[in-house]
Amino acid sequence: MMKTWLKELERALRAKFYDDEVKDILSYYEEIINDRLSSGEKLDAILSGYDVKKIVKDMTPEVLMKRKNTSMLRVSKSTRQLLIVLLGSPILLPLGIIYVSILIFVMSMMITAFVLVVSGLVGFAGLLVDMLQTSLSLPNILGVLGMGLMTFSMLILIALWTYQLMALFWRKLIVWFSKLAHRRGEKE
Amino acid sequence: MKVLSKILGVLILLGLVMAVAAFFMGLDIAGLRGFFNDDEAYGEMLTETTSETVDTINIDVETRHIIVHMVESDDISVTYYAHESRDTWTFGVESGVYTIKQKEKVVFFNFMNYKYVSQEVRSLHLYLPQDVIFTFDLSTSVGDIRLQFDQDTITDDLALSSNTGSVYVKNVSAPSMNLTTNTGSIIVQNATVHGALDAQSNTGSISLTDLSVSALNLDSDTGSITLTRVEATSLIASVDTGRVSITDSEFIDDVDISTSTGGINITHTIASSFDLSTSTGDVRITSTDTSNYRYDLRTSTGTIRINGDNQGNRHSTSTGAILVKIYVSTGDITISTTL
């Protein structure tokens with residue numbers, strides 16, 4: 001019976017979490033149940049106290065807190081899950097609204113960084129085309145291209161740093177807001 | 001990403017080496033300045049003159065500053081520069097309306113143009129006979145509009161509009177003024193408006209100094225409103241984000257000011273009533289005589305102080321001819337009497 005319940009829990013967890021996270025949660029519950037069995041409680045009574053859906057929901061902030069968001073795919077999955085947690089509960093809704101607002105800012109900055117990179121590349125290409133048609137002397141062409149190269153490279157570099165900073169901030173946001181959601185969940 | 005950063009670092013270094021090399025090879029900075037200046041593409045200054053009877057000036061330009069001059073002349077003349085390939089200019093007089101239009105052809109990849117055009121080349125100068133009263137309907141997409149005269153000038157109705165650019169009016173007397181700008185300031189100095197003055201700015205400040213007007217309607221989304229020595233029948237001012245400051249002014253009827261984020265500061269100003277509201281911001285009224293004020297003051301988060309005395313966050317009185325109604329969500333209300 002315990003195995004059946006654990007299988008059911010595993011199925012529900014697999015739909016939301018990664019393998020290592022599922023394993024951690026399963027072993028945690030297996031340990032708790034075994035501890036309670038050894039202290040004389042009946043399996044039926046123990047399992048009746050657990051609702052699989054609620055476990056998945058309650059564990060989400062904790063899992064997100066610990067998750068290593070190593071790729072953008074993971075970041076977006078974590079963000080989606082965190083949003084569901086924050087916006088799905090009336091208590092966490094204000095937190096959800098703040099999270100969404102900050103997220104909009106982060107995404108806007110990332111889009112700006114992307115636009116800067118594109119405009120830097122296109123801008124330098126335009127300058128090159130201009131230089132091919134110009135009647136300027138060689139030192140002047142060299143000077144304009146040199147200054148252009150510096151300017152556009154710096155522009156792209158700043159854009160890349162902005163993008164990296166925002167990506168890092170996004171990951172941190174997931175951890176910070178998961179922690180806040182977890183704390184509020186514990187208080188409730 | 002690290003590799004990309006290194007490549008960009010190398011490119012910056014390469015650019016620096018090229019620039020230094022160019023300098024030692026005899027870089028001609030004056031020549032470079034000429035290269036980036038696109039004034040040549042506009043050719044010589046053009047002049048358009050008309051001697052027909054005109055009472056209304058209608059200008060609609062896309063990329064020009066509009067500057068109006070009043071001169072001793074019987075003719076109307078316009079000086080401007082036209083781009084050799086992109087500009088289309090139309091001039092015409094019909095039923096007393098002098099119409100000037102300028103359209104600029106949108107060129108694909110024009111955004112990669114590094115050349116700049118000087119302010120003068122981007123300006124349209126309109127020279128009008130000073131003894132004729134004109135109605136003005138002037139609009140520009142990118143550019144300032146200036147009706148700034150050295151001496152008092154009488155005009156008929158004024159409608160000035162700039163999408164990106166400021167509107168300046170100085171020493172003008174008109175029956176009505178309608179001033180709008182999307183991004184830019186509105187600055188009026190020493191003017192008389194017999195009817196209403198409507199000024200609207202999306203992003204930019206509105207500043208009115210030494211103005212006599214009947215109804216004053218001001219609206220700014222992001223930007224402050226500053227009124228100094230203004231005499232008006234009434235004032236309605238609305239600001240989303242920005243301060244409203246009124247100093248040494250006089251209103252026969254009501255003063256109605258609302259802001260979302262931004263304080264309101266009224267100094268030595270007379271009105272038959274004040275209706276002030278702000279969501280976030282302090283409200284301060286300073287006057288030589290507050291004895292005739294009847295208060296209806298409320299603040300949700302903040303303190304009310306009248307002549308230094310703390311009145312909590314709600315205060316009302318039942319006597320006094322001048323109703324001072326101030327509602328604030330977050331901010332203090334301060335009323336003080338000074339000499």
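No lab work stands behind these numbers, since they all come straight from the coordinates. Owing to the predicted nature of the structure, the values given are computational and were not obtained by experimental measurement. Reconstructed Cβ throughout: ideal geometry from the backbone, glycine too, with neighbour counts over all protein chains shown.
Compute the helix-to-body angle for A:138-187: its Cα long axis versus the longest principal axis of chain A, expressed 0 to 90° and rounded to tens.
The two axes meet at around 10 degrees.
In whole Hz, what ³J(HN,Hα) sequence does segment B:129-137 give by Karplus (6.51, -1.76, 1.60; θ = phi - 60°), x for Gly and Pro?
x, 6, 8, 10, 9, 10, 9, 10, 10
What does the charge count near B:Lys325 come to, summing +1 for each Lys or Arg and -1 for each Asp or Glu among other residues with Cβ under 11 Å from its Cβ?
Values: positive: B:Arg294, B:Arg298; negative: B:Asp254, B:Asp256, B:Asp275, B:Asp296.
Surrounding charge for B:Lys325 is -2.
What nm distance separates the two modelled labels at B:Asp38 and A:Ser89, each placed 7 Å from Cα along Cα→Cβ?
5.7
Compute the length gained on full extension between B:Ile270 and B:Phe91: take 0.36 nm times their separation in residues and subtract their Cα-Cα distance, giving the result in nm to one decimal. Intermediate values should be presented prior to the final figure.
Details: separation 179, 0.36 × 179 = 64.44 nm, distance 4.77 nm.
Length gained, B:Ile270 through B:Phe91: 59.7 nm.
Evaluate E = 1/(1 + (r/R0)^6) for B:Val10 and A:Lys68, where r is the Cβ-Cβ distance and R0 equals 25 Å; express this FRET efficiency to the nearest 0.05. It would help to have the intermediate numbers written out before the result.
Numbers: r = 32 Å, r/R0 = 1.29.
Approximately 0.20, to the nearest 0.05.
To the nearest Å, what is the center-to-center distance of segment A:38-61 and segment B:47-107, using C-alpha atoms only?
When both Cα centres are located, 82 Å separates them.
For B:Ser245, what charge total do you get from the other residues with a beta carbon under 14 Å from its beta carbon, if Lys and Arg give +1 and Asp and Glu give -1?
Numbers: positive: B:Arg229, B:Arg243, B:Arg284; negative: B:Asp248, B:Asp282.
Counting the neighbours of B:Ser245, the net charge comes to +1.
Can you tell me the mean projection area, over all orientations, of the convex hull of chain A's alpha carbons? Units nm², please.
Values: hull surface 56.6 nm².
Approximately 14.2 nm², given one-decimal rounding.
Evaluate the distance, in nm, between pseudo-label points positioned 7 Å from the Cα of B:Ser73 and of B:Ser336 along their respective Cα→Cβ axes.
5.4
Contact order normalised by length for segment B:66-196, with contacts defined as Cα pairs under 8 Å and 6 or more residues apart; what percent is it? All intermediate terms of the calculation are to be shown ahead of the outcome.
On the way: 282 pairs, mean separation 28.8, N = 131.
Relative CO of segment B:66-196 lands at 22 percent.
Where does helix B:2-24 land angle-wise versus the long Cα axis of chain B, in degrees 0 to 90, nearest 10?
Taking the Cα atoms of chain B, the angle to B:2-24 is about 60 degrees.
If you average the sequence gap of Cα pairs under 8 Å that are 6 or more apart and divide by the length of segment B:210-252, what percent do you get for the contact order? Before the final figure, lay out each step's value.
Working: 93 pairs, mean separation 18.8, N = 43.
For segment B:210-252, the relative contact order is 44 percent.
In a solvent-free Debye calculation with one equal scatterer on each Cα, what is log10 I(q)/I(0) for segment B:44-183 at q = 0.16 Å⁻¹, listed in the order of the q values?
-0.83
Which FRET efficiency value, to the nearest 0.05, do you get for A:Val118 and A:Arg183 by plugging their Cβ-Cβ distance into 1/(1 + (r/R0)^6) with R0 = 45 Å? Provide the component values of the computation, followed by the final result.
On the way: r = 41 Å, r/R0 = 0.92.
The formula returns an efficiency of 0.65 here.
List the aspartates and glutamates whose Cα lies under 18 Å from the Cα of A:Lys77, skipping any in the same chain that are fewer than 8 positions away.
A:Asp19, A:Asp20, A:Glu21, A:Asp58, A:Glu62
Could you grab the relative contact order for chain B? Cα pairs under 8 Å, six or more apart, rounded to a whole percent.
The value is 9 percent.
Taking 7 Å along the Cα-to-C-beta vector as the label spot, tell me the B:Thr209-A:Thr134 distance in nanometres, rounded to one decimal.
Once both label points are built, they end up 4.2 nm from each other.
I'd like the antiparallel share, as a percent to the nearest 5, of DSSP beta bridges with both residues in chain B.
Working: 21 of 153 bridges.
In chain B, approximately 15 percent of DSSP beta bridges are antiparallel ones.
Contour minus end-to-end for A:Met107 and A:Trp5, with contour as 0.36 nm per residue of separation and end-to-end as the Cα-Cα distance? Display every interim value, and only then the final one.
On the way: separation 102, 0.36 × 102 = 36.72 nm, distance 4.11 nm.
Length gained, A:Met107 through A:Trp5: 32.6 nm.
May I ask which of A:Lys7/A:Lys68; B:Lys2/B:Lys105; A:Lys57/A:Lys172; A:Lys53/A:Lys172 have a Cα-Cα span longer than 32 Å here? Let's see the in-between values first.
Values: A:Lys7/A:Lys68 25 Å; B:Lys2/B:Lys105 43 Å; A:Lys57/A:Lys172 21 Å; A:Lys53/A:Lys172 27 Å.
Table pairs above 32 Å Cα-Cα are B:Lys2/B:Lys105.
Straight distance only, please: which lysines reach the Cα of B:Lys103 with their own Cα at less than 25 Å, same-chain residues fewer than 8 apart left out?
Partners within reach: B:Lys115.
So if R0 is 22 Å, what FRET efficiency would A:Arg80 and B:Asn182 give, r being the distance between their Cβ atoms, rounded to the nearest 0.05?
On the way: r = 38 Å, r/R0 = 1.71.
Computed FRET efficiency for A:Arg80 and B:Asn182 comes out at 0.05.
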